[in-house]
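Reviewing the structure listed below.
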């Protein structure tokens, strides 16, 4: 069975602070896919990034960056210089080769002005 | 493109009633899935389909049925509603089975009294 753990239930920061959201996963598969999604207060789910299990290259996109480490089974997400609009619930997810997806319970990020 | 559409947006049922949540996508995606989102628990996979005529169970399939007769549609049937099925239901589609991101519908908020 596969599992995704987001240990941080809620995080609160002040605008312009950097914040890292942790994601740890468990799987016996050698091929799998990792994702981050954002759910703002309006409720829709928005895709942020994906990674293959064989691609450990970290990525930076504007204020967002992702650190994928197979050795620790982690796929962490950092927001630099956070803004109020970043306030949302963030979900980490894992998809196996059969197409079955497992989501973490989410981290609620509140950015205060 | 309308993307992924879900109807209804809100529904109230009495215990024991049955109903069908509708989901349709116009992106010709192979993969479709149903999730439920309960407070603080993230998204849990109910059923998924990797193509027309093919469905499989997710993490929490009991009490729900699905079928996939066309690529576009993936209805979710509640056989005999129970208060434990009170939740927000999201339908999603993806171009293929694994690598690409999921596109989510706006959700259906279901209350079972």
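Every number in this text was worked out from the coordinates using simple rules, so none of it is lab data. Only a predicted model underlies this, so the values are computations on that prediction, with no experimental measurement involved. Positions of Cβ are backbone-derived with ideal geometry, glycine not excepted, and every protein chain shown enters the neighbour counts.
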Rounded to one decimal in nm, the spacing of the 7 Å Cα→Cβ label points at residue B:70 and residue B:41 is 3.3 nm
Under 10 Å, Cα contacts only: if you run a Gaussian network model on chain B, which one of B:32, B:41, B:19 comes out with the highest mean-square fluctuation? B:41
Estimated distance in nm for a label pair at residue A:112 and residue B:14, the labels positioned 7 Å out from Cα along Cα-to-Cβ: 4.8 nm
Between residue A:29 and residue A:48, with labels modelled 7 Å along Cα→Cβ, what's the label distance in nm to one decimal, could you check? 2.2 nm
The rounded separation in angstrom of the Cα centers of the stretch A:8-23 and the stretch A:42-62 is 17 Å
Using a 10 Å cut-off around each Cβ, can you sort B:13, B:45 from fewest to most neighbouring Cβ atoms? B:13, B:45
Listing B:46, A:60, A:79, A:49 by rising number of other beta-carbon atoms within 10 angstrom, fewest first, gives A:60, A:49, A:79, B:46
Neighbour counts of other C-beta atoms within 10 Å: give me B:59, A:17 arranged from fewest to most. A:17, B:59
